[in-house]
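Engineer: After the structure tokens below, expect a handful of questions from me.
The values are calculated or read from the model by the stated rules, or taken from the named source; none is laboratory data. Model, not experiment: these values are computed from the prediction. Here the Cβ positions follow ideal geometry from the backbone for every residue, glycine too, while neighbour counts run over all protein chains shown. Keep in mind that these areas ignore ligands, DNA and RNA; they rest on the heavy atoms of the full protein, side chains included. Shrake-Rupley method; radii C 1.70, N 1.55, O 1.52, S 1.80 Å.
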There are 4 protein chains.
Amino acid sequence: MASAAVLGAGGYLGGELLRLLSNHPSLSVTSAVSKSHAGQSIRQVHPNLEAFPDVILAADAAHVDADVAFLAQPAGEAMQTVPSLLQRGIRAVDLGPDYRLPDPNEYARVYGRPHADPDHLAEAAYGLPELFRDSIRRARLVANPGCYPTASLLAIAPLLEKGMITGPVIVDAKSGTSGAGHDPSPSTHHPEAALTVWPYGAPEHRHVPEMRAAIARTGAATPPIVFVPHLVPLVRGILCSVYPTPLSSDRSRWADVLESRYRDSPFVRVGAVPRLPWALGTNRCYLSVQQAGDAPVVFSAIDNLGKGGAAQAIQNANLLMGWPETTGLDRPGFGV
Amino acid sequence: MASAAVLGAGGYLGGELLRLLSNHPSLSVTSAVSKSHAGQSIRQVHPNLEAFPDVILAADAAHVDADVAFLAQPAGEAMQTVPSLLQRGIRAVDLGPDYRLPDPNEYARVYGRPHADPDHLAEAAYGLPELFRDSIRRARLVANPGCYPTASLLAIAPLLEKGMITGPVIVDAKSGTSGAGHDPSPSTHHPEAALTVWPYGAPEHRHVPEMRAAIARTGAATPPIVFVPHLVPLVRGILCSVYPTPLSSDRSRWADVLESRYRDSPFVRVGAVPRLPWALGTNRCYLSVQQAGDAPVVFSAIDNLGKGGAAQAIQNANLLMGWPETTGLDRPGFGV
Amino acid sequence: MASAAVLGAGGYLGGELLRLLSNHPSLSVTSAVSKSHAGQSIRQVHPNLEAFPDVILAADAAHVDADVAFLAQPAGEAMQTVPSLLQRGIRAVDLGPDYRLPDPNEYARVYGRPHADPDHLAEAAYGLPELFRDSIRRARLVANPGCYPTASLLAIAPLLEKGMITGPVIVDAKSGTSGAGHDPSPSTHHPEAALTVWPYGAPEHRHVPEMRAAIARTGAATPPIVFVPHLVPLVRGILCSVYPTPLSSDRSRWADVLESRYRDSPFVRVGAVPRLPWALGTNRCYLSVQQAGDAPVVFSAIDNLGKGGAAQAIQNANLLMGWPETTGLDRPGFGV
Amino acid sequence: MASAAVLGAGGYLGGELLRLLSNHPSLSVTSAVSKSHAGQSIRQVHPNLEAFPDVILAADAAHVDADVAFLAQPAGEAMQTVPSLLQRGIRAVDLGPDYRLPDPNEYARVYGRPHADPDHLAEAAYGLPELFRDSIRRARLVANPGCYPTASLLAIAPLLEKGMITGPVIVDAKSGTSGAGHDPSPSTHHPEAALTVWPYGAPEHRHVPEMRAAIARTGAATPPIVFVPHLVPLVRGILCSVYPTPLSSDRSRWADVLESRYRDSPFVRVGAVPRLPWALGTNRCYLSVQQAGDAPVVFSAIDNLGKGGAAQAIQNANLLMGWPETTGLDRPGFGV
């Protein structure tokens, strides 16, 4: 049994990590860190995990000792912590944005501050296993992708690799509110969020530079990406509707490309139009190619806290540790 | 055309007051006050009211001049403002709790501070027109009831008056989240509120002393009230399920008592089990008496921002001004 | 007071027509027709309309006599009824699809049956007043647009007229479930609809030929339209996110074009990103132009039963009758 | 590995049984039956179960061979099938109502038809393991409780056993819509269900006689039960608010009684006010005793398809087979 640490254990991603790890056959949570809940036990903070081993949350990561650490902290914190973890021989999966943009200048442009750990930035693997499995296996630091890039890239990367998309790509994303995290805010206040569809992120969501960087890693040419996220009145789940241009009549060939690309990827399925509950609590991504007028459209469905967060982080940890990537992630989602 | 002022114009009740007043044939909004939005116009703060006269929000009520003022402020503010309004000859309808408990000692017990304006407290009419129409007509200050007391009292007061309830009354209330107001909070954070039913208010919600005081005003004996409010994933609407004890087999007599009590009350209807959209945006209360096993149960449905707030405040203002109580309140709710 | 008849009075559009007409100052509902509710009164079928005149629903339109008739029936029924209405001198606003495609061959292609009334098909005005006000004023038969075409065309027609869009237009529409009508179906079964976003309509929704025909009526060139409707867990409301190609950097010019085009249209507003409650129960359309990466995106928000249905039908009837188009439609939507 | 059959595999309970069984370490689904989906594979009917063994659904149970059969069929079907299953040595857990009322006369009164299998009716154990664990262990036929009785009885039975409730019990239940099953109906049509709280079941829901019979099995006196179920806009989850009379001041003693009663029951927890996501997809029941005015109130939260259906059925099967009752049921619910 290897040991795991969860940093940022009080938030939604932290809670989902702990939930999934509670049934992992090879990883045992031995330490957890949360500034705001230091001194409480995991079961006090997450009453749904009441059968969980009684780990007490620490205020910081100074005394964390584990085989692998999951960092689910606010942007900017991981790059302060990772150097020390790596130095102590702890593998790290960062669920935040700190290590997703390989270029420190691009990081500074997007986040408005210099990167605190440029050395490891260059070293970090981008943790989308279906595209970058080999580099993750060799890494000791993985940048877990954002939820939107996960859903979007799984839909478009294979088509870009095959040169089947040559113009701008439009991604219209619909997301549940848990992606906004644990802290109350006006746009996720229930009376404001429950009866509308809220497009946000103009002029450019931070996930767009991440998508561009990830596409560049595949070696494909990077098309212009028009990405508009919308909050919909769901808690969990993202559906991306992807409209590549120019229009094309290759629906079945597109489906073939996706199916063949993911033949050996157990968590991605290509088929009928998906329902979001199928992905709930899982590491699954459901893709579907449909015809809309003169163009094929690709739909991509994930749980933003699952494949878009905690479950994918565990898939990455499995690869880091040399285990089958499905370890501890074999539960199906809901029918309803 | 009489003039109206809205104090607390930036919140949900303030916005609903302005929305309803925008079509009132005899009242025109000539001033509005909002600490947090001072200097903005109404249409900037409430974009749904874009056809509205362009009143600029003031920071305080010092220069308000109007025939009637609506106070939709946080608890404790109205009792600072009302004395000056009344002195300047402005009638006042307070949508907050400051003038609902006629006994200053009870006020101090429930709210943990002395009442700042005990003189007017004794004078204020309790603004549930279906029960206290005459005293409202004679008043210059009206305490608009809370949303839960409105729905509960309309269901139980006539039965108490007739002596048909002699034991404890259990009120299980289900409310949308807009009742919690405009400010984000953990319990109304969408991811927390959207997938659960949340009972709160233990051990005693502040609306219980208000109900007791209102029943005492009717002259009926006050029974023990077990009141449990639950947040449900709706934005607007309250359904109260009222279980009087001891059990009784008088369903049809109960329905008769309610129907006859409200024969001349245009906003209360007794009939089939209601749907909340019927009440949406209106001053209506829908009552229904159904049999559940050995007991009649009374269901009461309102819009918490409508009959439970802004619409009832306008009904009270109509009475204060000597107009028909339905003035400006004749629009039906939604079918769906 | 002119008289109105509502055919198809039992459905959601019929109910919304009756609700809005109940406060119309110049139109009085004197007859109503519903096959499935014949013999019942309006208030029995629509309990939210309990203050409504007590019209009894007829089984068919044979004896309808009115100045204007609203037809809110299933596809294929209006074209059986309209000839007789017009012959009896009754103006007609059809809320169904029968008269929206001016070419009977296109109608036959899309609906799989010949048109039963091709003579009047050619005569019918297309009832989007903001684009075709003059032809509606001169008509005696108006084809009220579909909900999706209303939201989409208001966003794109002015840009097409000005030649600012030259390539394909992608419309990603998110709709509440009331658009599917009153009859239960698997895709609107609450457990299936409440926790997902459901793209449907592949390969071509019937509203696409309608949009093409409407654009042709404006004289502009018709671009390829990629239209994907999605059911979201709302009851009322449509948000269309419109992505015109090729990408452009003209965001502020686009906003200017829209604003100037609708300067004299009281129901269309161009401004900040809208919230759907603002449009609820109203005839409003809220447009917003935002930048997303390299492209301007247009958002268009309506109530599918309001501007997308019953309210626009009343706007059309107002024009047919020579009244101000805002008559009876002046209530604002909700803030929350 | 023992073998399991699922009858009624196409519905929501059938799907949840298959989902949970897909990770059961000791039970393998070897046959499945569905009239309406005969000839399809499980993964065709339930796309969320795509990693599942490829069992083809049969049209009837004639050739079912298994160690244990789960019957998730419409009322009235199980009593036709159970005799043959038992004769063939197959243990049976019936998730429908056929074997819940031990008295065939009471069955006939409640369901309006004679019972087709009165012999086994007397023999069936009532499958609420926390109350009747021993009799389930000895049985070959288990009547799995209804969702409402599960939540209600776990809250009140221990208090009745200790004589702490002597008068009528009021149960105000709030349920998600999945409890109504897979078939569309007017009350679960999304536009009707999403914006209201709908009390139903008057004058007596069929679950009330079931509760009375279950209480009688415990040996406690059966109080009058006033039970009102309400549909709330959730898909999964039941919260019961239980108000026992007469009022009492024994809140902490009540909590003690419940805690002590369930000390050895791994699936029942007594503590803070629960959130429904904690129970989602699990066999957990969360109880909480709170003070409301003069009375303790008990809240009980379950997933109606989990502890209120499929998960409890597997708990019962575990007992039938002599395994630890937690086998295959150890996953925690969601935090959010």
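Engineer: So what is the 222 nm mean residue ellipticity for the protein assembly as shown from helices alone, if each DSSP H run of at least 4 adds -39500 (n - 2.57) and you divide by all residues, rounding to the nearest 500 deg cm²/dmol?
Structural biologist: -8500 deg cm²/dmol
Engineer: Moving on. Enter the mean number of other protein chain beta carbons within 10 Å of the beta carbon of each residue in D:294-304, as an integer. Before the final figure, lay out the partial values.
Structural biologist: Details: counts 6, 7, 3, 7, 0, 5, 0, 3, 0, 0, 0.
Per residue, the average neighbour count from other chains is 3.
Engineer: Additional query: What is the list of residues in the stretch C:217-258 whose amide nitrogen lies under 11 Å from a point 7 angstrom out from the Cα of A:ASP294, following Cα to Cβ?
Structural biologist: Of the residues in the stretch C:217-258, C:222-226 have backbone N under 11 Å from the label point off A:ASP294.
Engineer: While we're on this one: Output, in nm with one decimal and in ascending order, the distances from the C:GLY219 label point to the matching label points of the other copies (7 Å from Cα along Cα-to-Cβ).
Structural biologist: Distances to the matching label points in the other copies: 5.5, 7.6, 9.2 nm.
Engineer: Just reorder D:ARG138, A:ARG236 by solvent-accessible area, largest first, 1.4 Å probe, all chains present. Please list the in-between numbers first.
Structural biologist: On the way: D:ARG138 180, A:ARG236 15 Å².
The residues order as D:ARG138, A:ARG236, largest area first.
Engineer: If you count only protein heavy atoms and use a 1.4 Å probe, how large is the accessible surface of C:LEU101, to the nearest 10 Å²?
Structural biologist: 10
Engineer: Could you work out, residue by residue across D:176-188, how many beta carbons of other chains sit within 10 Å of that residue's beta carbon, and then give the average as an integer?
Structural biologist: What the average comes to for D:176-188 is 5.
Engineer: Tally up the carbon and sulfur contribution to the accessible surface of the stretch A:147-303 as a whole percent, 1.4 Å probe, everything protein left in place.
Structural biologist: Whole-percent figure for carbon plus sulfur exposure: 49.
Engineer: State, to one decimal in nm and shortest first, how far the label point of B:THR326 sits from each corresponding label point in the other identical copies (label point: 7 angstrom along Cα-to-Cβ).
Structural biologist: Distances to the matching label points in the other copies: 2.6, 6.4, 6.8 nm.
Engineer: What's the total accessible area buried between chains D and B, using a 1.4 Å probe, rounded to the nearest 100 Å²?
Structural biologist: For D against B, buried area totals roughly 3500 Å².
Engineer: Sticking with this structure for a sec: In whole Å, what are the extents of the protein assembly as shown along the principal axes defined by its C-alpha atoms, from largest to smallest?
Structural biologist: Projected onto its principal axes, the Cα set of the protein assembly as shown covers 79, 76, 63 Å.
Engineer: Send over a whole-number figure in Å² for the accessible area per residue of the protein assembly as shown, probe 1.4 Å.
Structural biologist: Per residue, the protein assembly as shown has 31 Å² of solvent-accessible surface.
Engineer: A:SER135 to A:ALA272: FRET efficiency via 1/(1 + (r/R0)^6), r the Cβ-Cβ distance, R0 30 Å, to the nearest 0.05?
Structural biologist: Using R0 = 30 Å, I get an efficiency of 0.40.
Engineer: To continue, here is another question. Using the alpha-carbon atoms, what tilt in degrees (0 to 90, nearest 10) does helix D:311-320 show relative to the longest principal axis of chain D?
Structural biologist: 70
Engineer: Further question on the same structure: So for the stretch A:72-212, considering every pair of alpha-carbon atoms, how many percent are separated by more than 27 Å?
Structural biologist: 29
Engineer: Local charge sum around D:PRO47 (other residues, Cβ-Cβ under 11 Å, Lys/Arg +1, Asp/Glu -1)?
Structural biologist: Here the count lands on +3.
Engineer: In the stretch D:147-303, what % of DSSP beta bridges are antiparallel (nearest 5)?
Structural biologist: Here the share of antiparallel DSSP bridges comes out near 70 percent.
Engineer: Something else: Just reorder D:THR218, C:THR30 by solvent-accessible area, largest first, 1.4 Å probe, all chains present.
Structural biologist: Result of the area sort, largest leading: C:THR30, D:THR218.
Engineer: For C:ARG275, C:ARG137, what's the largest-to-smallest order of accessible area, 1.4 Å probe?
Structural biologist: C:ARG137, C:ARG275
Engineer: What angle, in degrees between 0 and 90 and rounded to the nearest 10, separates the Cα long axis of helix C:78-87 from the longest principal axis of the Cα atoms of chain C?
Structural biologist: Helix C:78-87 sits at roughly 60 degrees to that axis.
Engineer: So how tilted is helix A:251-261 from the main axis of chain A? Cα-based, degrees 0 to 90, rounded to 10.
Structural biologist: That works out to roughly 30 degrees.
Engineer: Using only Cα positions of the stretch C:147-303, each an equal point scatterer, no hydration layer, compute I(q)/I(0) via Debye at q = 0.09, 0.13 Å⁻¹ and quote the log10 values to two decimals.
Structural biologist: Log10 of I(q)/I(0), two decimals: -0.28, -0.59.
Engineer: Explain nothing, just the number: dipole magnitude of the stretch D:1-147 about its Cα centre with +1 on each Lys and Arg Cβ and -1 on each Asp and Glu Cβ, in debye rounded to the nearest 20. Don't skip to the answer; put the middle values down first.
Structural biologist: Numbers: 12 positive and 16 negative charges, 21 e Å.
Result for the stretch D:1-147 is approximately 100 debye, rounded to the nearest 20.
Engineer: Next up: D:PRO129: net charge of surrounding residues, Cβ under 14 Å, Lys/Arg +1, Asp/Glu -1, itself excluded?
Structural biologist: Summing Lys and Arg as +1 and Asp and Glu as -1 gives +3.
Engineer: Along Cα-to-Cβ, 7 Å out, sits the label point; list in nm, shortest first, how far the one on B:ASP65 is from those in the other copies.
Structural biologist: Once sorted, the set of distances for B:ASP65 reads 5.7, 7.9, 9.7 nm.
Engineer: What is the Cα centroid distance between the stretch B:19-45 and the stretch B:68-107, reported in whole angstrom?
Structural biologist: So the two Cα centres are separated by 19 Å.
Engineer: A further question follows. Given a Förster distance of 25 angstrom, what is the FRET efficiency for A:GLN44 paired with A:ALA2, based on the Cβ-Cβ distance and rounded to 0.05?
Structural biologist: 0.45
Engineer: For chain C, what is the charge dipole size about the Cα centre, in debye to the nearest 20, if Lys and Arg each add +1 at the Cβ and Asp and Glu each add -1 at the Cβ? Write out the running numbers ahead of the final one.
Structural biologist: Values: 27 positive and 30 negative charges, 97 e Å.
Dipole about the Cα centre, nearest 20: 460 debye.
Engineer: Round to the nearest 10 and report in Å² the accessible area of B:SER260, as given by a 1.4 Å probe over the protein chains' heavy atoms.
Structural biologist: Per-residue accessible area (B:SER260): approximately 60 Å².
Engineer: In cubic angstrom, how much convex hull volume per residue do the alpha carbon atoms of the stretch D:2-123 span?
Structural biologist: Working: hull volume 11.9 nm³, N = 122.
For the stretch D:2-123, the hull spanned by Cα atoms encloses 98 Å³ per residue.
Engineer: Distance between Cα centroids, the stretch A:245-317 to the stretch D:259-303: provide it in whole Å.
Structural biologist: Each part's Cα centre sits 38 Å from the other's.
Engineer: Hey, another quick one. Run the simple label-point estimate for D:ASP65 and A:ASP60 please: 7 Å along Cα→C-beta, distance reported in nm.
Structural biologist: In this crude spin-label approximation the distance works out to 6.7 nm.
Engineer: Please give the net charge around A:ALA116, taking every other residue with its beta carbon less than 12 angstrom from that of A:ALA116, where Lys and Arg add +1 and Asp and Glu add -1. Don't jump to the answer; show the numbers that get you there.
Structural biologist: Working: positive: A:ARG113; negative: A:GLU77, A:ASP98, A:ASP117, A:ASP119.
Charge balance near A:ALA116 sits at -3.
Engineer: Among D:GLY335, D:ALA59, D:PRO186, which residue has its Cα positioned farthest towards the positive end of the charge dipole of chain D, with +1 placed on the Cβ of Lys and Arg, -1 on the Cβ of Asp and Glu, and the dipole taken about the Cα centre?
Structural biologist: About the Cα centre, the residue reaching furthest to the positive side is D:GLY335.
Engineer: Between chains B and D there is a rotation axis; tell me the chain B residue with the nearest beta carbon and how many whole Å away it sits.
Structural biologist: B:ASP172, 2
Engineer: Next question. State log₁₀ I(q)/I(0) for chain B at q = 0.11 Å⁻¹ as given by the Debye formula over alpha-carbon point scatterers of equal weight, solvent excluded.
Structural biologist: -0.67
Engineer: Here's something else I'd like to know. Efficiency by 1/(1 + (r/R0)^6): what FRET value for A:SER28 and A:GLU106, r their Cβ-Cβ distance, R0 = 51 Å, to the nearest 0.05?
Structural biologist: On the way: r = 37 Å, r/R0 = 0.73.
The pair A:SER28/A:GLU106 has a calculated efficiency of 0.85.
Engineer: Taking each residue of C:218-230 in turn, how many C-beta atoms of other protein chains fall within 10 Å of its C-beta, and what is the average?
Structural biologist: 3
Engineer: While we're looking at this one, here's another question. How many percent of DSSP beta bridges within the stretch C:2-123 run antiparallel, rounded to 5?
Structural biologist: Given both bridge residues lie in the stretch C:2-123, the antiparallel proportion sits at roughly 5 percent.
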